[in-house]
Structures are given as structure tokens and as C-alpha cells.
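J.: Okay, here's the structure, questions in a sec.
No lab work stands behind these numbers, since they all come straight from the coordinates. This one's a predicted model, so the numbers in the text were calculated from it and none came from an experiment. Here Cβ is always computed from backbone atoms with ideal geometry, including for glycine, and neighbour counts include all displayed protein chains.
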Amino acid sequence: MKDVYFETVMLIERLHRLFLEVIKGELDRMGLMDISNVQCFILYNIGKNRLSVGEISNRGYYLGSNVTYNLKKMVESGYIIQEQSPHDRRSSHIQLSQKGLDLYEKIDALLREHTKNMRHNGLMEQEIKSMRALLQRLEAFWNFTATQDGRFL
């Protein structure tokens, strides 16, 4: 069980990196050199919402430590609009610009196309849902283990 568990952890990491490579390939095909695959991932997670910068990390939209850098680059490239909070100068809110919304729609179309292709390649919706449920249970286990001394459960 230990070997399968560790191999699964490694597979999760590889899948995440591979998904980012898929996004990078799509950005290259679109000729977009002013946004990285990681920034595009953040952009898609923001979607049509207006969020505080802190919410991006808190909601798990971005797992790295340099979210501020990536947001700054997206503001400079015109994908995101950042506004200071009128009530707290230390806080700011972001939302996608029209350029960002246009890219969001393109990535959304790509994901819709992926879901169609999954069915044609034998990946069924129920299997994906079951996998998601299992990964959510694993996430809950890791959250518990990270916050408690869960070694002896």
C-alpha cells in the first residue's frame, strides 16, 4: 500500500505539471507570449469574479508563494485590473480585464473540448467524478495530518 500511495502522490504532481504544459502549448498556438501557463491558470480560476489578492491563495487558486509577482505581471500585460480597496489601503481587489475575459473564454472552450475528447477516449464522467471524490478524501486526510498529529490513526 505504501508504494502505491507514494506513486499516487507522484502521479498527482506529474499530472499538474502536464496540465500546465497543455496550457502552455495552447498559449503558444494562440501566439500569447505575455502570459505564462501558471498565470493563465490563475486567470482562469479568477474567472468572472472580483476577488481580493488574499482570496486567490486562500481559495487554493494558486499554490505558489509568488502570487503577487504573477498578479503584477498580469496587470502589466493588461489581463487583470487591480484596484485598491477604498476601505483598507493595504488591500486590493482584482478582476479580469476584457483581454483577460477573452482569454478566459478561450481556455474555457479548450476545457469543454477536452471533456468531449475524454468521452471519445473512454474516460467517462462518472469515473472522473469518482476520482475527484477520492482525491478530495485524500486532501481531507492530508489537511488533518498537516494540522494534527495524525500519524497513529
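J.: Among L71, L27, L135, which one shows the highest mean-square fluctuation when the chain is modelled as a Gaussian network with alpha-carbon springs under 10 Å?
T.: Residue with maximal mean-square fluctuation among L71, L27, L135: L135.
J.: For the range 1-80, what is the charge dipole size about the Cα centre, in debye to the nearest 20, if Lys and Arg each add +1 at the Cβ and Asp and Glu each add -1 at the Cβ?
T.: Charge dipole of the range 1-80: 240 debye, to the nearest 20.
J.: Would you list Y5, Y44 from fewest to most Cβ contacts within 10 Å? Could you put the intermediate results ahead of the total?
T.: Working: Y5 10, Y44 19.
Least crowded to most crowded, the residues run Y5, Y44.
J.: Mind checking the dipole of the chain: about its Cα centre, +1 per Lys or Arg Cβ, -1 per Asp or Glu Cβ, Debye to the nearest 20?
T.: Details: 21 positive and 19 negative charges, 34 e Å.
The calculated dipole for the chain is roughly 160 debye.
J.: Report the Cα centroid-to-centroid distance between the range 75-107 and the range 111-137 in angstrom, as an integer.
T.: For the range 75-107 versus the range 111-137, the Cα centre distance is 31 Å.
J.: Report Rg(Cα)/(2.2 N^0.38 Å) for the chain, keeping two decimals. Don't jump to the answer; show the numbers that get you there.
T.: On the way: Rg = 18.1 Å, N = 153, 2.2 N^0.38 = 14.9 Å.
Cα Rg divided by the expected 2.2 N^0.38 Å: 1.22.
J.: Tell me which lysines have Cα within less than 20 Å of K116's Cα, excluding those fewer than 8 residues away on the same chain?
T.: Correct list for K116: K106, K129.
J.: Would you mind telling me which residue in L110, L134, L101 has the biggest mean-square fluctuation in a Gaussian network model of the chain, where springs connect alpha carbons within a distance under 10 angstrom?
T.: The residue with the greatest mean-square fluctuation here is L134.
J.: Shifting gears a bit: Relative to the Cα centre, what is the charge dipole magnitude of the range 45-106, using +1 at the beta carbon of each Lys and Arg, -1 at the beta carbon of each Asp and Glu, and rounding to the nearest 20 debye? Numbers along the way, then the final one.
T.: Details: 9 positive and 6 negative charges, 12 e Å.
With only Lys, Arg, Asp and Glu charged at Cβ, the dipole is about 60 debye.
J.: Let me ask you something else. Pick out, from M33, G54, I12, the residue whose Cα sits farthest towards the positive end of the charge dipole of the range 2-145, with +1 on the Cβ of Lys and Arg and -1 on the Cβ of Asp and Glu.
T.: G54
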